[in-house]
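The values are calculated or read from the model by the stated rules, or taken from the named source; none is laboratory data. As the structure is a computational prediction, the values presented were derived from the model and not from experiment. Note that we place each Cβ from the backbone using ideal geometry, even for glycine, and neighbour counts take in every protein chain shown.
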Amino acid sequence: MADKLRNSAGMTLTILIGTFFLLSLLVFVAAAVTTKVNLGNVTGGVISLILLLCTMFHKPVGEFIKNGLADHERKKLVIIPFIVICIAVITAAAISVMMIAQASKAPQESMTVIILGCRVKPEGPSQMLRTRTLAAARFMEQHPDCVCIASGGRGGDEPMSESEAIRDILIEYGISPDRIIMEDKSTSTRENFSFSKELIKERGLPEKIAIATSEYHQLRASMIAADNGFGECYSLPSAHTQLFLLPSYWIREWYGVIYEVVF
């Protein structure tokens, strides 16, 4: 009786874990289909698939690990991947903690706002661009003396520059056009900050900045801003990414942060 209960509990646990990894895989696939294939959804999808297969075939996987550890010649086939996985998990966890810390670093005083652009669709600004701009608009309502730089050029498939879209959204939310400085030449985050730095110097604006971007992007954005001569950077809250897209963008950002550190 006890053995039957243990087997039943084990089967239930296996089904629950397998279902979780299957749903995780579907989330990454949905993100790839909805937006585009990137390192985030590919990495997440591959990891989810591997874990799903390991759950489905946990007995032969367990036997392989057990036999590998018992066999001196095959031990490295188990230990080396284990070490690599541990390093990857620790690195991902450390970067994630820093990402959360930077995203939580909200400004408490007036300063120059830099809104980082993102895609403008044929039918209008993307939801991500709207949430970034709304976060800036809220801050600007609380600090009537601050101005913002709407930063972002026009891609080949965009009906208008990202800067123009940001300006229109801000005006829609009641921000005066006099408080909006247009930067419509940049094509990357690095250019966003480089060109914005020039405008800040030309206009004599405060060099202390609050960055309006998606929460997952705040850490890397602050790193790039530092490379362009900005000091301490703050993050505007409420720029939330759609929940089913967040895992893909979050994982992709791990690669971006590592790239910034290494190169």
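Residues checked against (1) part of a helix (DSSP H, G or I); (2) among the β-branched types (Val, Ile, Thr); (3) not assigned by TED's automatic domain parsing to the domain that holds residue 126:
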site: 19; (1), (2), (3): yes, yes, yes
site: 27; (1), (2), (3): yes, yes, yes
site: 33; (1), (2), (3): yes, yes, yes
site: 48; (1), (2), (3): yes, no, yes
site: 52; (1), (2), (3): yes, no, yes
site: 65; (1), (2), (3): yes, yes, yes
site: 68; (1), (2), (3): yes, no, yes
site: 72; (1), (2), (3): no, no, yes
Exercise for review: Give the residues of segment 126-154 that are without any contact (Cβ under 8 Å) to a residue 24 or more places away in the chain and touching a Lys or Arg at 6+ places or on another chain (Cβ under 8 Å), sorted by residue number.
Suggested key: 126
Exercise for review: At least 2 residues that are farther than 23 Å from residue 97 by Cβ and in contact with a helix residue (DSSP H, G or I) (Cβ under 7 Å, 6 or more places away or on another chain) in each: list the strands (runs of 3 or more DSSP E) lying fully within segment 164-263 that qualify.
Suggested key: 180-183
Exercise for review: With the checklist (1) within 23 Å of residue 220 (Cβ to Cβ); (2) more than 23 Å from the chain's Cα centre (by Cα) in hand, flag the one item residue 144 doesn't pass.
Suggested key: (1)
Review point. When you look at residue 43, is it surrounded by 10 or more Cβ atoms within 10 Å (Cβ to Cβ), at pLDDT below 95 and outside the structural domain of residue 248 (by TED's automatic domain parsing), yes or no?
Key: no
Practice item. Can you give me the number of residues within segment 220-240 that are closer than 15 Å to residue 136 by Cα, surrounded by fewer than 16 Cβ atoms within 10 Å (Cβ to Cβ) and at pLDDT 95 or above? Key: 0
Exercise for review: Kindly indicate whether any position in segment 177-193 is touching a Pro at 6+ places or on another chain (Cβ under 6 Å) and in the same structural domain as residue 132 (by TED's automatic domain parsing).
Suggested key: no
Point to revise | Members of segment 46-64 that are surrounded by 14 or more Cβ atoms within 10 Å (Cβ to Cβ) and more than 30 Å from residue 216 (Cβ to Cβ) | key: 56, 58, 64
Review point. Any idea which residue in segment 150-188 is surrounded by the most Cβ atoms within 10 Å (Cβ to Cβ), counting only those that are under 18 Å from residue 121 (Cα atoms) and among the hydrophobic types (A, V, I, L, M, F, W, C)?
Key: 166
Review point. Given the structure, is residue 85 at pLDDT 95 or above, surrounded by fewer than 14 Cβ atoms within 10 Å (Cβ to Cβ) and outside the structural domain of residue 214 (by TED's automatic domain parsing)?
Key: yes
